[in-house]
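Enquirer: I'd like to ask some things about the structure below.
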């Protein structure tokens, strides 16, 4: 197989100059030529080069305008400007328009080789970044999120609509481990901001003394111990992209006030700097704490909540999304079979019942860890009940059991199952029917009585044909 050769397009109205460069470069590169802007644009459109050596001063359409046309067609091509005059103003303008370097005539061949090597290195870097972003966009495609429960599908539908907006702020609530960051990444990688950074910040992990400088950065010499060159904050790192503020409820009140100003004014001040910087960032805030209660207690600003929650998504805990558990188990089995070289194909009905009735306080994260443990430690084609012995079911304390008895709650589930067995679906249907009649078919009260959401109740009513 022949070695890949990069293509270089030489654009200059002087044929002798083009021939001189061609003679110096043709051993290492495939050379294309154009004597004017029209020819350059045609090459870029039909046979894109990797590097363009572009003369600034050409009759008709000059190099600056040609550079702009090249950028509109293909932003990955590395353009090196060539000038006979060394006009600083024109060169600076070219660099601002996207040129990667410049050379002055007469060309020094050693400098030319160095400039081309740097341009190709930058090109390879941009291509690697583009490939990585493409892979991430595929990995975090919203349609790849796993679940089929009504609550999950509702959150998924909301995320899809949010992704189409380039800058609407989002608040994601839910217990630890439900997948808040996964939803945030899916929104980013399916939005118009996909080509820009996604920066995730755990606000709870930042020392309260430095949280402001971490978010907004600081100017050189802003305080004792500050880095001599200053430092970019998370807002600046996420410029043009998305900033996830996870556990936003842990931000101090004074920092909450400054965050509110950033969201309102679209600019921020690094610590010690009097010049503002633009904040072109979509902010996604997430927390496992109920912000409404924190607002009542004076620990979170209500006006900040309204700014953050332009659109709100609440992800229900896994114990309220039983329909999602078998799908997630299948998904995790596929991942860990590949990772550990195992051949698990399914889960037994008895083992599935154990998973369906486990409380999953750690939610999807806990389920993932459980399936990884089974896959790693067991050798089988099927997950069996004894593989899940480490999942200890929770039992109420004696005091809690007494309180429930005092409230008139009967022992449930029963301590003994008939030898002939029972149909679990029939039991569930009977319980729902009893609760529905008890509340005179009030759906909200029935859902509350059963400890489920109204959407889950509606799904169950339809599933069991309860009118």
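Enquirer: Restricting the range 370-382 to residues that are surrounded by 13 or more Cβ atoms within 10 Å (Cβ to Cβ) and under 32 Å from the mean Cα position of the chain (by Cα), which is nearest to residue 177 (Cα to Cα)?
Expert: Going through the qualifying residues, I end up with 370.
Enquirer: Would you mind stating whether residue 417 is modelled with pLDDT under 85, part of a loop (DSSP other than H, G, I, E, B) and either outside the structural domain of residue 178 (by TED's automatic domain parsing) or touching a helix residue (DSSP H, G or I) at 6+ places or on another chain (Cβ under 8 Å) (or both)? So that I can check it myself, show each step before the final result.
Expert: On the way: modelled with pLDDT under 85: yes; part of a loop (DSSP other than H, G, I, E, B): yes; either outside the structural domain of residue 178 (by TED's automatic domain parsing) or touching a helix residue (DSSP H, G or I) at 6+ places or on another chain (Cβ under 8 Å) (or both): yes.
Yes: the conditions hold for residue 417.
Enquirer: Any idea which residue in the range 26-50 is surrounded by the fewest Cβ atoms within 10 Å (Cβ to Cβ), counting only those that are assigned to a helix (DSSP H, G or I) and in contact with a strand residue (DSSP E or B) (Cβ under 6 Å, 6 or more places away or on another chain)? Write out each step before concluding.
Expert: Filtering the range 26-50 for residues assigned to a helix (DSSP H, G or I) gives 37-46.
With the extra rule that they be in contact with a strand residue (DSSP E or B) (Cβ under 6 Å, 6 or more places away or on another chain), the set shrinks to 40, 43.
Values: 40: 29, 43: 19.
Across the range 26-50, the extreme among qualifying residues is 43.
Enquirer: Run residue 53 past the list (1) modelled with pLDDT of 90 or more; (2) part of a helix (DSSP H, G or I); (3) under 23 Å from residue 125 (Cβ atoms) and report the number of the one that doesn't hold.
Expert: If we test residue 53 against (1) modelled with pLDDT of 90 or more; (2) part of a helix (DSSP H, G or I); (3) under 23 Å from residue 125 (Cβ atoms), just (2) comes out false.
Enquirer: Considering only the range 255-275, how many residues are within 16 Å of residue 214 (Cα to Cα) and either without any contact (Cβ under 8 Å) to a residue 24 or more places away in the chain or not assigned by TED's automatic domain parsing to the domain that holds residue 294 (or both)?
Expert: 1
Enquirer: Another question, if that's okay. For the range 199-218, give me each residue that is part of a loop (DSSP other than H, G, I, E, B), surrounded by 17 or more Cβ atoms within 10 Å (Cβ to Cβ) and out of contact with any strand residue (DSSP E or B) (no Cβ under 7 Å at 6 or more places or on another chain).
Expert: The first filter runs over the range 199-218 and keeps only residues part of a loop (DSSP other than H, G, I, E, B), leaving 206-210, 217.
Subsequent filtering for residues that are surrounded by 17 or more Cβ atoms within 10 Å (Cβ to Cβ) retains 206, 217.
Correct list: 206 only.
Enquirer: Scan the range 312-330 and tell me whether some residue there is more than 19 Å from residue 146 (Cα to Cα) and touching a residue at least 60 places away in the same chain (Cβ under 8 Å). Explain how you work it out, then say what you get.
Expert: So in the range 312-330, the residues more than 19 Å from residue 146 (Cα to Cα) come out as 312.
Checking which are touching a residue at least 60 places away in the same chain (Cβ under 8 Å) leaves us with 312.
The answer is yes, given that some residue of the range 312-330 is more than 19 Å from residue 146 (Cα to Cα) and touching a residue at least 60 places away in the same chain (Cβ under 8 Å).
Enquirer: Test residue 294 against the stated conditions and say whether it is assigned to a helix (DSSP H, G or I) and either closer than 30 Å to residue 231 by Cα or not assigned by TED's automatic domain parsing to the domain that holds residue 174 (or both).
Expert: Numbers: assigned to a helix (DSSP H, G or I): yes; either closer than 30 Å to residue 231 by Cα or not assigned by TED's automatic domain parsing to the domain that holds residue 174 (or both): no.
Criteria not met by residue 294.
Enquirer: Let me ask another. Among the residues that make up the range 321-338, is at least one of them assigned to a loop (DSSP other than H, G, I, E, B), out of contact with any helix residue (DSSP H, G or I) (no Cβ under 9 Å at 6 or more places or on another chain) and not assigned by TED's automatic domain parsing to the domain that holds residue 457?
Expert: Restricting attention to the range 321-338, the residues satisfying the condition of being assigned to a loop (DSSP other than H, G, I, E, B) are 321-323.
Subset that is out of contact with any helix residue (DSSP H, G or I) (no Cβ under 9 Å at 6 or more places or on another chain): none.
Among the residues of the range 321-338, not one is assigned to a loop (DSSP other than H, G, I, E, B), out of contact with any helix residue (DSSP H, G or I) (no Cβ under 9 Å at 6 or more places or on another chain) and not assigned by TED's automatic domain parsing to the domain that holds residue 457, which makes the answer no.
The values are calculated or read from the model by the stated rules, or taken from the named source; none is laboratory data. Quick caveat: nothing in here was measured; it's all calculated off a predicted structure. Quick reminder, even Gly has a Cβ in these numbers, built from the backbone with ideal geometry, and neighbours come from all protein chains shown.
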